[in-house]
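Here's the structure we're looking at; comments come further down.
Values quoted throughout were computed directly from the atomic coordinates according to the rules given, and no laboratory measurement underlies them. Just so it is clear, the structure is predicted and the values come from calculations on it, not from any experiment. Positions of Cβ are generated from backbone atoms using ideal geometry, with glycine treated the same way; all protein chains shown enter the neighbour counts.
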Amino acid sequence: MKFFIDTANLAQIKEAQDLGVLDGVTTNPSLMAKEGITGKDNVLRHYKAICDIVEGDVSAEVIATDYEGMIREGEELAELDDKIVVKIPMIKDGIKALKYFSERGIKTNCTLVFSAGQALLAAKAGATYVSPFIGRLDDISFDGIELIEQIRLIYDNYEFDTQILAASVRHPMHIIKCAEAAADVMTGPLSAMLALLKHPLTDNGLAQFLADHAKANS
Ligand code: E4P
């Protein structure tokens, strides 16, 4: 399973990249706003800065919600760098835009997916990635992981190439459950990735090893 970081914060992206296990980045308009990135030029410059840090795919979301606008914005984003994946919302014009970009070899990520039917449509339109938001489903008492399993079954049934990008991941257990459900990618915060490191027996064991070594070598 690939690990994407879900942030527009350059320091966190760099920290995750330096860890050596990062496969890409996802952003969204809220994450860009959180970093105070406003105005078209600054936004494009920021996406380019992200591409210069990471080796993998970088999802950059369009703001337009009409077909022509999404095509215009998406083409501009895709021109920035080969790593750019144009992120398109799951709406009617979005499906048409996914088809347009897939026919031209431009990578896409269909975002705001909350049902198997939406994921099926995205795959038929040729999306590179589909982003089911598992954390937001859990927030309203729907099982986000169950949706990943459902989409996995459907995509495998028909050998769709679209990759399942489990989004809205919040904690380490989400990451483990996504891996069990055979998601192709998960995107989440750095804190969730770093939390995978943690086990008290590791900390206790290491402390004991170092103490024994120090005693024997004193
Ligand atoms: C997906 O690509 C989104 O950026 C993201 O995962 C949303 O996560 P949230 O529900 O924690 O805002």
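So is Met32 under 22 Å from Phe101 (Cβ atoms), over 18 Å from the mean Cα position of the chain (by Cα) and not aromatic (Phe, Trp, Tyr) or not? Against the criterion (under 22 Å from Phe101 (Cβ atoms), over 18 Å from the mean Cα position of the chain (by Cα) and not aromatic (Phe, Trp, Tyr)), Met32 does not qualify. When restricted to residues that are of a type in the set (Ser, Thr, Tyr), in a helix (DSSP H, G or I) and surrounded by 15 or more Cβ atoms within 10 Å (Cβ to Cβ), segment 111-163 contains 1. Out of segment 183-218, which residues are under 30 Å from Asp161 (Cβ atoms) and without any contact (Cβ under 8 Å) to a residue 40 or more places away in the chain? Scanning segment 183-218 gives Ala192, Leu196. Listed conditions (1) without any contact (Cβ under 8 Å) to a residue 40 or more places away in the chain; (2) out of contact with any helix residue (DSSP H, G or I) (no Cβ under 9 Å at 6 or more places or on another chain); (3) closer than 19 Å to Ile37 by Cβ are all met by Glu76, apart from (2).
Within segment 25-59, being within 11 Å of the ligand (Cβ to nearest atom) and touching a residue at least 12 places away in the same chain (Cβ under 8 Å) holds for Val25, Thr26, Thr27, Asn28, Pro29, Leu31, Met32, Lys34, Ser59. If you check Ile63, Ile84, Ile5, Ile37 for being surrounded by fewer than 19 Cβ atoms within 10 Å (Cβ to Cβ), within 29 Å of Leu121 (Cα to Cα) and hydrophobic (A, V, I, L, M, F, W, C), only one passes: Ile63.
If you go through segment 164-180 and keep only what is assigned to a loop (DSSP other than H, G, I, E, B) and away from the ligand (no atom under 16 Å from the Cβ), you end up with nothing.
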